[in-house]
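Visitor: The structure that follows is given in the form of structure tokens.
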Amino acid sequence: MPDTVPAAPCSICQRQDHPARHLIGSDGLCRPCFTELASCGSCRQPALNLITVTGSARLCEGCATRYQPCVACAELTGPGMRTDHDEPVCPNCAYGLFDSCFGCDRFSAAGRYLSGGYRACAQCAATRYRECRECGTLLRENGSCDLCAHPGRVRAYSYKPDPRFHGEGPLYLGLELEVIVPEDRYSEAVAAATTRLGRLGYLKKDSSIQPTGFELVTHPLSYRFAIDEFPWTLLSELDDLGCTVDDTVGLHVHASRAGFASPAHVYRWMKLLYRNETEVATLARRRSRYAPFDRAARARARDTAKDHKHAVGLDRYQAINPHPRHTLELRVFASSLDVGQVQAALAFTAASIDYTRHLTIGHIRSGGWDWSRFAEWVADRPEYAPLAMEMEALACAC
């Protein structure tokens, strides 16, 4: 009588006394190991290896073949959402890093403003919509230009028009100034601000400004253009109308990433600010829970210096907000209607970027990141006089 061939051992536990009874692909499993297998989140079949995809779902290798890496974060995502370059994008990145195109429902990293508060990808902007003859805003079919029709309107918080660059780059600054406005002078303040700003900026609503107020936002301005051409008398006009500021409102400055020499330059700039937190907070005239020097953000500065995609998962409310697509937002400053203080905020942003542009390892080892060294550098450059005067006034120059 021939010998009986014993059953193969389980591929997982390898125990000879646990014969393989269940087949998963080419692997035989004993019953105890088979019952402990997790199931695919799609086909519900048990699987030896599960692959994590967007939304933390875990799928078997067969079901996961329908998924592709997200163009932004590389997490495996389904085929449902695409960019205007036909690249897969996960829901988190689609809504956090891209604009949804009104025309084709795809997601674009270079969307343009479409009258009515919408966005359009580059292809739809070129083929489906016409531009306003007065200001160049994209118009929907048979639609009017909301900018030209209502130039004195306070826009929604989400309003993001196409940028209009003023002055010579590559570094451009964008000012955001939060102002508290008396209810009985609100219309007058809005009229004064929109008239003086003209094409240089606009006003936005912000529910955090209490009881009433608006956020004054400029288009991208070079530092020199801002100092020379911004309507600075507007600040005293708002003051005369009873507008005020307090520790609940802030002044934010956006600096264009294109104005930095490299990601390494961005990193050096971030390090200068993080290493001199006390002095920066003194210059900013406040510490705010809306602009803390966040430890998690500081730890990831080397990555966020590269581009905004690395900011996913970080809070936007921090001293340096790396989330904007094309800028870095410096949020530390207290709001002000004092011309010198607002100019100093712009000057500090430009000067600190300029100072760190050519900062070498040798400079850093010899004290290049020390605040006193930066203050000496500022004092020697007349173009940054508003900053030098403010530093001296606040006794933080040494």
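The values are calculated or read from the model by the stated rules, or taken from the named source; none is laboratory data. All values derive from a computational prediction rather than experimental measurement. Every residue, glycine among them, receives a Cβ derived from its backbone with ideal geometry; neighbour counts consider all protein chains shown.
Visitor: When you check Ala350 against the structure, is it closer than 19 Å to Leu221 by Cα and surrounded by 18 or more Cβ atoms within 10 Å (Cβ to Cβ), yes or no?
Guide: yes
Visitor: Continuing with this model, one more query. Within segment 1-60, can you find the residues that are at pLDDT below 85, closer than 25 Å to Asn92 by Cβ and either out of contact with any helix residue (DSSP H, G or I) (no Cβ under 9 Å at 6 or more places or on another chain) or of a type in the set (A, V, I, L, M, F, W, C) (or both)?
Guide: Ser56
Visitor: Shifting gears a bit: Filter segment 119-134 down to the residues that are touching an Asp or Glu at 6+ places or on another chain (Cβ under 9 Å) and of a type outside the set (A, V, I, L, M), then identify the one that is surrounded by the most Cβ atoms within 10 Å (Cβ to Cβ).
Guide: Among those residues, the one meeting the criterion is Cys121.
Residues are listed down the side, and each one gets a yes or a no for (1) buried (at least 18 other Cβ atoms within 10 Å of the Cβ); (2) of a type in the set (S, T, N, Q):
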| site | (1), (2) |
| --- | --- |
| Val280 | yes, no |
| Lys306 | no, no |
| Phe333 | yes, no |
| Ser336 | yes, yes |
| Ser366 | no, yes |
| Pro386 | yes, no |
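Visitor: Identify, by number, the condition in (1) farther than 18 Å from Thr194 by Cβ; (2) surrounded by 15 or more Cβ atoms within 10 Å (Cβ to Cβ); (3) touching a residue at least 40 places away in the same chain (Cβ under 8 Å); (4) out of contact with any strand residue (DSSP E or B) (no Cβ under 6 Å at 6 or more places or on another chain) that Asp246 doesn't meet.
Guide: Only one criterion in (1) farther than 18 Å from Thr194 by Cβ; (2) surrounded by 15 or more Cβ atoms within 10 Å (Cβ to Cβ); (3) touching a residue at least 40 places away in the same chain (Cβ under 8 Å); (4) out of contact with any strand residue (DSSP E or B) (no Cβ under 6 Å at 6 or more places or on another chain) is unmet by Asp246, namely (2).
Visitor: Okay, moving on. For the structure I just gave you, tell me whether Gly213 is over 21 Å from Gln341 (Cβ atoms) and buried (at least 18 other Cβ atoms within 10 Å of the Cβ).
Guide: So Gly213 does not fit the description; no.
Visitor: Conditions: (1) at pLDDT 95 or above; (2) not in a strand (DSSP E or B). Gly116 meets all but one. Number of the miss?
Guide: (1)
Visitor: Have a look at Leu114, Leu171, Leu203 and point out the one that is within 24 Å of the chain's Cα centre (by Cα) and more than 25 Å from Phe102 (Cα to Cα).
Guide: Selected residue: Leu171, the only one of Leu114, Leu171, Leu203 that is within 24 Å of the chain's Cα centre (by Cα) and more than 25 Å from Phe102 (Cα to Cα).
Visitor: Continuing with this model, one more query. Residues of segment 59-84 being within 30 Å of the chain's Cα centre (by Cα) and either within 30 Å of Pro9 (Cβ to Cβ) or free of Cβ contacts under 8 Å to residues at least 12 places away in the same chain (or both), which ones?
Guide: Ala74, Gly80
Visitor: Pick from segment 75-84 the residues that are touching a Cys at 6+ places or on another chain (Cβ under 9 Å) and not acidic (Asp, Glu): which of them is nearest to Gly116 (Cα to Cα)?
Guide: Thr83
Visitor: Need pairs with beta-carbon distance below 9 Å; first residue closer than 19 Å to Gly250 by Cβ and within segment 272-287, second acidic (Asp, Glu) and in a helix (DSSP H, G or I); sequence gap 6+ or separate chains.
Guide: Leu283/Glu390
Visitor: Additional query: If a residue must be more than 28 Å from Asp303 (Cβ to Cβ) and in a strand (DSSP E or B), how many such residues does segment 60-89 contain?
Guide: The qualifying residues number 1.
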